[in-house]
1. For the stretch A:196-218, does any single residue satisfy the condition of being more than 32 Å from the chain's Cα centre (by Cα) and β-branched (Val, Ile, Thr)?
2. Got at least one residue in the stretch A:436-444 being assigned by TED's automatic domain parsing to the domain that holds A:Ser227, of a type in the set (Asp, Glu) and open to solvent by less than 10 Å² (accessible area, probe 1.4 Å)?
3. Here is a list of conditions, (1) at pLDDT 90 or above; (2) within 17 Å of B:Pro474 (Cβ to Cβ), and B:Gly554 meets all of them except one; can you say which number that is?
4. Under 24 Å from A:Pro107 (Cβ atoms) and of a type in the set (Val, Ile, Thr), is that true of A:Ile245?
5. Kindly indicate the residue of the stretch B:49-89 that is closer than 25 Å to B:Thr134 by Cα and part of a loop (DSSP other than H, G, I, E, B) and also modelled with the highest pLDDT among those meeting that condition.
6. Whether any residue in the stretch A:404-420 is touching a Lys or Arg at 6+ places or on another chain (Cβ under 6 Å), open to solvent by less than 20 Å² (accessible area, probe 1.4 Å) and in a helix (DSSP H, G or I) is what I want to check.
7. Here is a check on your reading of the model: is B:Leu105 of a type in the set (A, V, I, L, M), part of a helix (DSSP H, G or I) and either under 24 Å from B:Lys378 (Cβ atoms) or more than 28 Å from the chain's Cα centre (by Cα) (or both)?
8. Checking the conditions here, which among A:Ser367, A:Ser318 is hydroxyl-bearing (Ser, Thr, Tyr) and at pLDDT 50 or above?
There are 2 protein chains.
Amino acid sequence: MGTAFDDTSRSRQPHRVAIPPAKPFLQTLKSNLKETLFPDDPFRELKKQPSASRKLLLGLQYFIPILEWAPRYTFAFFRADLVAGITIASLAVPQGISYAQLASLPPIVGLYSSFVPPLVYAMLGSSRDVAVGTVAVASLLISTMLGKEVSPVENPKLYFQLAVTATFFAGVFEASLGFLRLGFIVDFLSHATIVGFMSGAATVVCLQQLKGILGLVHFTHETDIVSVMRSIFTQTHQWRWESGILGCCFLFFLLTTRYFSKRKSYFFWINAMAPLTSVVLGSVLVYFTHAEKHGVQVIGNLKKGLNPLSITDLAFGSPHLEGVAVGRSFAQYKNYHIDGNKEMIAFGTMNIVGSLTSCYLTSGPFSRTAVNYNAGCKTAVSNIVMAVAVMFTLLFLTPLFHYTPLVVLSSIIMAAMLGLIDYEAAFHLWKVDKYDFAVCLGAYVGVVFGSVETGLVIAVAISLVRMLLFLARPKTGLLGNIPNSMIYRSMDQYPNAESVPGVMILQIDAPVYFANANYLRERISRWIDEEEDKLKSRGGSSLQFVILDMTSIGNIDTSGISMLEEVKKNTDRKELKLVLANPRSEVIKKLDKSQFIKTIGQEWIYLTVAEAVAACNYMLHTCNPKHVTTAEANGQDSNV
Amino acid sequence: MGTAFDDTSRSRQPHRVAIPPAKPFLQTLKSNLKETLFPDDPFRELKKQPSASRKLLLGLQYFIPILEWAPRYTFAFFRADLVAGITIASLAVPQGISYAQLASLPPIVGLYSSFVPPLVYAMLGSSRDVAVGTVAVASLLISTMLGKEVSPVENPKLYFQLAVTATFFAGVFEASLGFLRLGFIVDFLSHATIVGFMSGAATVVCLQQLKGILGLVHFTHETDIVSVMRSIFTQTHQWRWESGILGCCFLFFLLTTRYFSKRKSYFFWINAMAPLTSVVLGSVLVYFTHAEKHGVQVIGNLKKGLNPLSITDLAFGSPHLEGVAVGRSFAQYKNYHIDGNKEMIAFGTMNIVGSLTSCYLTSGPFSRTAVNYNAGCKTAVSNIVMAVAVMFTLLFLTPLFHYTPLVVLSSIIMAAMLGLIDYEAAFHLWKVDKYDFAVCLGAYVGVVFGSVETGLVIAVAISLVRMLLFLARPKTGLLGNIPNSMIYRSMDQYPNAESVPGVMILQIDAPVYFANANYLRERISRWIDEEEDKLKSRGGSSLQFVILDMTSIGNIDTSGISMLEEVKKNTDRKELKLVLANPRSEVIKKLDKSQFIKTIGQEWIYLTVAEAVAACNYMLHTCNPKHVTTAEANGQDSNV
């Protein structure tokens, strides 16, 4: 009995909303900055260590992960990495040559780019699955952006200089983002953007391959579908049927192998080996049929030897700042799969070193990484194995590519790109979230009909508009009582929720900022008008209380506080009582500082909707207060 | 007994989270668009009307408010409007001349602009307090932006053409925003932005007046403080002391009158009449002392007569598109006090008509509107009275301004501008919301040290970054049980809240979008790690359940769903059970469509945190299920 009495007397008082003590400004700023820039708390392990030398070692291991895993490396690991490395090398050689072709660079540069960068990444990268290499989209970007400045045919030397300069600045930009802890910028590329963008870019790259497959010599420099189609269909008399048939055959071969390897996952190596097989088959075919004399273009001579230094080719003059622009826009999109700032630093360093050794932009392409993963790689040593295999190719095997037909390279690119057009993901987006589908479609259409940058800008713009709209037009809704409970929930979501006579409970579902303060003021007054109209038409009790459920209001600014002040004036004019329920930490602090708590009265701020409703009911019925508070506003009742 | 039993048996089942039925896509789109573009539901009254003619009348009244209030106009209203109209006219004449001077336009244009636009606004405007006229900041903007293209001294005709063209396009732009229901774009200028921007612009305008007060002939075309100060202090030998002393006297007079009128609000007319008094005093002084021959510049001849048509002066050629740019940037900032799309249309029409009748940009300046309000205006008729008074001035009184010294005009502008530097508001911002203060400061520094556009861009950028940061780095926090209740609240805000052994309750305070999905994934896993570390160091019970309180998650996109899927994988790996509490309408719909509900299990989604905790406790203790559910998960228990 004693306990029960205690409990009741204690709970007669509704719970107070706590106003957290004000923290010094600099302390708040520091903790906010830390949360923004160091959300992963990278040095947590470091702080636990007592000795300085141990801290240094851990710090070094953080930046150079090979120091961490190399001591634990075993022969079993090496066996797995060897298999995986050789598998990805067999993919890297034909893809390297093909993508270099796409970037309008000499094929040999593609091989260089599969030699040095993987070695750098093996030291610095923290992912064991990533297989480093050139990427189709980046190659296309290089060729369209640099191609506007310099013709790769007329001035190959300057073009190459621009390409390595672009690579250098892309690396610097990536590494700086990583060091400045700004890696979260890439988070602003949503999954939907990437699906649409990659599909669009893949489509564009496929269209470009029609040049190689149809054996055309002149071709548009534009990448949009309209220009490409016009270029193709105004040259129907130039189509080389030999080349076309060869291309279709190889494409069919490559797509068939992929189809089988997709059905049975342990057949992945068929898929991985198919490009190299195609190159070998194509070269042999040309060599024996002398097809190069019948309209089938071949690679021609490739010089032997490892990467020459290209440090003297870096061109920093202002007319070459174009390269910086390529680098920046490139770094902006390609890192979507990079986990954090550390990976950014690794990729950046890889590209800086690459630009000094005749490589162009490299990254961790999805397709090659997937093959690496399927081949069972254990550590980044698979990248080292690939690099060694490519080195072997560079030193001894380049003459073998003399007869490789360009059409095979086009088929390889096309097959890889068709795999990137992810219509299933797009359909999933449509099913789950129409707005995400619009983002995806925007990116796709932008890339295919405009340019790579257009697509990116459209998608990012649509995504940002969505987020801004969420803030500018927050959802508001009426709450009702779930029968047989003290729970209050949205009457839209729970049709069985019942409204409380004389009381309107309004929930606001976003932080209140300048961007929505005006809207919310109008919307709240509309809710009140509509509710009054409804009650009037029913002839029931009139509206007396407006409870604002502030649970979901995470923050408020001064415009928002002005809005609340105006709502208070508005309700006063209509002789309604404004009641707040569950204002959160940040909000109650600012309401306190701006004296709004005094305006509304501390006694009209409740911890839960249920307590607020109980207090309103008590005022409405002016019945025995003890009865109401014990039954409804006690410690066991509920809220929101 | 029967009732009690019923109640218990019903409440043994926890409440189900409802999944709202899927609405057709087009219906959702339509209601979303309506909420975004017609938040004020302007045609609500219209829909209620049964007859078409009544609808037409109401529609006309909506767009031309004078039709609504004119029939109800009374003589008592007119008396009040007459007084207010004459008061604002006494302000409009000197201010009109001064601001035209600031815009490098002939003084007479300033008077024209106080004649036609107020008449138009009286027909279309829906605010009864707004007094229409030219604005200092817009005048400055005109002179700096157009001054870069054409010199107002060397080519006054072309300069005037550009000014009316700019006005025309500003009008078209405003009206289109109104018709397209895009008025909410101006909501993105926060209160803090406006305080900083207006104070900065006022400072800049004040600095420009030093030219007039010191009687300088040559002056920089730049507006930033550095250029202005350099221009002034390199010409110390050119300073005219006569002019300076006169200016200081008038400034002192104007500031004194304002000081008194601020202390006693019924003295407002002293403040309202002071500028005209200054003009009269100054003119008389110059006339009798022949000060114009001793370095005091005067206005000189003004031609009599009403506005000439300027339709032929509209220049649409591409070199004059600069005007469009002025118009757009002007329309962007000046409408901050315009309530809605309707006001935008009114202001737009006013400027279009104005541009055809030799007027330049007009708006509803804050200071004049305040005087109008204090003078007790009842309807927009006060604007008509003002227009008539200005017409009278234009027809008969212009010769009187021949001897008006320019230094008086400078003093008038300076006094008005000093009133706009709102340091008290800035201090209030600092006190309540440091981030808003940063926005304000950014706008001020940008305007004063850069240009009007720089300030605006800086302020809008800082404001947007704040909102994006809110989304990109949402607050997360642990919830605890408020003693003697079933309420769960943030342990940061309520230090007495107690954590539940073996259960971690995590609250996420923002919609989950691509911009924060990565962050949240990392942050949630860090919360789990930290909680496990803490429990381990205490040696108590280990963590078994992670409850995500989704009350404040207003929406989710596909990236967010992927994030949840990864969190689920992560908790599975650590052998923790993931439980969701109170997913909202939009969220549960998408979780359902994406099959995530199946992944997590419908039985692990609860309506309230309390019910989720009760279920976890039941699993933890594996005691008699009936006991737990009756005591803790029944209909009366509470949540969040």
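1. yes
2. Looking through the stretch A:436-444, at least one residue is assigned by TED's automatic domain parsing to the domain that holds A:Ser227, of a type in the set (Asp, Glu) and open to solvent by less than 10 Å² (accessible area, probe 1.4 Å).
3. Result: B:Gly554 fails condition (1) only.
4. Against the criterion (under 24 Å from A:Pro107 (Cβ atoms) and of a type in the set (Val, Ile, Thr)), A:Ile245 qualifies.
5. If we take residues in the stretch B:49-89 being closer than 25 Å to B:Thr134 by Cα and part of a loop (DSSP other than H, G, I, E, B), then B:Ile64 is modelled with the highest pLDDT.
6. Scanning the stretch A:404-420 turns up no residue that is touching a Lys or Arg at 6+ places or on another chain (Cβ under 6 Å), open to solvent by less than 20 Å² (accessible area, probe 1.4 Å) and in a helix (DSSP H, G or I).
7. no
8. After ruling out the rest, the residue left standing is A:Ser367.
The values are calculated or read from the model by the stated rules, or taken from the named source; none is laboratory data. Note that the structure is a prediction, hence the values are computed from the model and not measured. Heads up, the Cβs are rebuilt from the backbone with ideal geometry, glycines too, and the neighbour counts pull from every protein chain shown. When the accessible area is computed, the model is the full protein with side chains, heavy atoms only, and any ligands, DNA or RNA have been set aside. Shrake-Rupley method; radii C 1.70, N 1.55, O 1.52, S 1.80 Å.
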